[in-house]
Each structure stands twice: as structure tokens, then as C-alpha cells.
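To start, the structure under review is shown below, and the notes come after it.
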Amino acid sequence: MNHSILADTAHSIVADGKGILAADESTPTIKKRFDSIQAESSESSRNKYRDMLFTSPEAGNYISGVILYDETIRQSSVSDRIPFPDLLSDKGIFPGIKVDMGAKPLAGFKNELITEGLDGLRNRLAEYKDLGAKFAKWRAVITIGEDIPSATCMYVNAHALARYAALCQEADIVPIVEPEVLMNGDHDIDTCFEVTEETLKIVFQELYDQGVFLEGIILKPNMILSALDCDVQSSVEDVAQATVECFLRTVPAAVPGICFLSGGQSDILATQHLNAMNQLNSNLPWKLSFSYGRALQASALKAWSGKDENLQAGQNAFLKRAKLNCAAALGKYSDDMENEI
Ligand code: 13P
């Protein structure tokens, strides 16, 4: 494990208000996204769509890293067949890779999930490193519902996250540690706070116990929000306040950056929340930035709609959200900017 490579990569990922594009949708997930715009999902249409995002001019001004899926890290640009990891690196963007094998039912614990993918991970990381990956992602899922999450679910997911993180660091790959407390359901913001606080407490205990080098990770958590079906939706300011309070209690100052997932929030709200957090307090121990999937891609996907003639419209929509989230990561976003760009 090379501490300086890990720390340099992690710090660069969150430098200058830049953030991550999560473009690592699995084949079934990207099919769902393509279904929503009535586009066919094939190896070549997925290649074209990812090419549109990655070749967007000046993406490197706002995006520091892209998380790829196993299929995507092996694909190349459409026009000149440059492997995607090389294309991104040439733009100053770190190529990353999703290495978990998805969240599966946790045996014996109804409605709870455990993320799989540890077996053989050391060998897969070596291959991804050869393909150019500088960082990786593993998503653990915590569900809030009647009598859940159980302590067991939180513990086994935290344990797996730490085992994954240690293996990544052994290969000098920065692990993105993603414990996602889902916003599905009708729970209130206080419940989200309590569950996220407990989850993060256990995750950092496991990272510590397993010798993970905290200066060389990026945390990718949910924000503290009311659930999608909760009757009372919290204000942007309340979300920002609660989220920062929760992380100040649980995330060690050694961690260089926290890059939030969007998790089903609208794209504009995800930008507003990030901006409000960065405006609250300029003296936070870590950078607060983004690692959005849907919140960076929703408008681009719609503008593109699977048609070649819309490529530029898709790129413009993507660059607009990337630029606005970059402003939000610096606390310099305002609602007016939505109409100016
Ligand atoms: P969303 O921003 O759409 O939640 O995706 C981020 C991600 O990578 C989930 O693992």
C-alpha cells in the first residue's frame, strides 16, 4: 500500500469543487433508464450513450472521476476507438470501477440486503488496475422499514465495505466507501438521521479495525432527508443542517472528501442541498462534493433520447448539471444560474 498515491488520488478527486460522475449502472439498471426514454439497450447503444457523456467538451473542468461498469471500462470511443479509461485520463479525469456484484437478500433477515463480490476481488482489482482504474466503488444498502435495519444488517455490510476497502488500498486503488441508507418509504428526517449516524459509526469502526488508511478513501453517503413518501418534506436548509451535523459526529477529519449520492432526489434539489451545506460552514474538516448518477444524467438522457442527432443537446444538458454541481461544491450556486446557462 502506497499512502502517498492513495492520499494524492483521494485529494485530487475532491479538489477545486470537482466531483464524480457515477456512470456505472449495471446492465439491468441502464436498461431501465433507457426504457424511460424508449431507447433500446444494446452493447452498442450503451457504448454510444457513455461516449456522449465522456467526450463532452470541458467535462474535465467539473468532473474529476467517472465510475465505470465492467462492460464500460472495456469499451472505446465511437469515433476513434480510444479505450474509455485512456480517453478520460487524457482529459484529466480519473477512471473508476464498480467492483461490487450487487445487493442481494440477506439470508435470515427479511427485506434486508447484503452486498456481494468479495470472493476473487483481489484478482479482479489487479485486472481493473491494468485497465487503468485509479479508484473503485462498493455500494452497501441499508433499508429503513418496520423493525429494520437490524444491527446484523448494518454490521455485515460495514464489515464487507471494510474488507473491500482494504483490498483496494493493497492495490493502490482508492476505495469509494458507499453505505447508502435508502430514501424509499415514509420515514421522517429524524429517522434518517438516527439510522445514518448508527450506520456510519459502525462503518468507521470497521474501517479502523481492518487497518484502512482513512486519508486514502472517499466516503459516498446519502444525505439526511425525509423519505420520498414522507408527508413532511424538509426544507433545503434543514437537510443541509442535519446532514452536516450527522457527519461532524461520525466522519473522522482524516477523510479527504465526502461525495454524496443523489439517491432519487431531483437533479435541482440535489444541487441545492449540496450548495446549502457548503454555504453553512466553510471550515469543515472534509470537502463536500458530489458523486451523482441520476442527478447528473437525468436531463442528458432525456435530451439525447437515444437519437444521434441529439448528441450535442445531451452533452449540453450533462455539462450544465456538472457545472452547477461544481458551483454547489464551492457554495457558489444560486437558483438564477439554472436559467443563465
Ligand atoms: P445516484 O446518484 O443515482 O443515487 O447514483 C449514485 C450511485 O453510484 C449509486 O451507487
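What follows is calculated from the coordinates using simple rules that are stated; it is not laboratory data. As the structure is a prediction and not an experimental result, all values here were calculated from the model. Don't worry about glycine lacking a Cβ; one is built from the backbone with ideal geometry, like all the others, and counts go over all protein chains shown.
Taking the Cα centre of the chain as the origin, how large is its charge dipole in debye, to the nearest 20, when only Lys and Arg (+1) and Asp and Glu (-1) carry charge on their Cβ atoms? Spell out each step's value before the answer.
Details: 31 positive and 47 negative charges, 191 e Å.
In total the dipole reaches around 920 debye.
Could you tell me which of 283, 226, 253 has its Cα farthest along the dipole of segment 219-300 towards the positive end, charges placed at Cβ (Lys, Arg +1; Asp, Glu -1), taken about the Cα centre?
253
What residues qualify as long-range amide H neighbours of residue 97, i.e. H under 5 Å apart, gap of 5 or more or another chain, H built at 1.01 Å from N?
Long-range HN contacts for residue 97: 68, 135, 136, 137.
Between residue 302 and residue 16, what is the label-point separation in nm under the 7 Å Cα-to-beta-carbon projection?
Taking the two extended label points, one gets 3.0 nm.
Starting from 0.36 nm per residue, how many nanometres of slack lie between residue 341 and residue 229 once their C-alpha separation is accounted for? Walk me through the numbers on the way to the answer.
On the way: separation 112, 0.36 × 112 = 40.32 nm, distance 3.20 nm.
Fully extending the segment from residue 341 to residue 229 adds 37.1 nm.
When Rg is the radius of gyration of the Cα atoms in segment 170-241 and Rh is its Kirkwood radius, what does Rg/Rh come to?
Working: Rg = 14.6 Å, Rh = 13.6 Å.
That ratio is 1.07, to two decimals.
Roughly how many nanometres apart are two label points built 7 Å out from the Cα toward the Cβ at residue 186 and residue 148?
1.8
Treating only the Cβ atoms of Lys and Arg (+1) and Asp and Glu (-1) as charged, compute the dipole magnitude of segment 1-113 about its Cα centre; round to the nearest 20 debye.
Details: 13 positive and 16 negative charges, 66 e Å.
Here segment 1-113 has a charge dipole of around 320 debye.
Roughly how many nanometres apart are two label points built 7 Å out from the Cα toward the Cβ at residue 31 and residue 77?
3.1
One quarter of the convex hull surface, Cα atoms only: what value does that give for the chain in nm²? Could the numbers behind the result be given before it?
Details: hull surface 64.4 nm².
One quarter of the hull surface, i.e. the mean projection, equals 16.1 nm².
Is there a quick way to get the dipole size of segment 109-241? I mean about its Cα centre, with the Cβ of Lys and Arg at +1 and of Asp and Glu at -1; what is the value in debye to the nearest 20? Don't jump to the answer; show the numbers that get you there.
Details: 10 positive and 24 negative charges, 171 e Å.
With only Lys, Arg, Asp and Glu charged at Cβ, the dipole is about 820 debye.
Antiparallel as a % of all DSSP beta bridges within segment 51-124, to the nearest 5? Intermediate results must be reported in sequence, preceding the final value.
On the way: 4 of 8 bridges.
If we restrict to bridges inside segment 51-124, about 50 percent are antiparallel.
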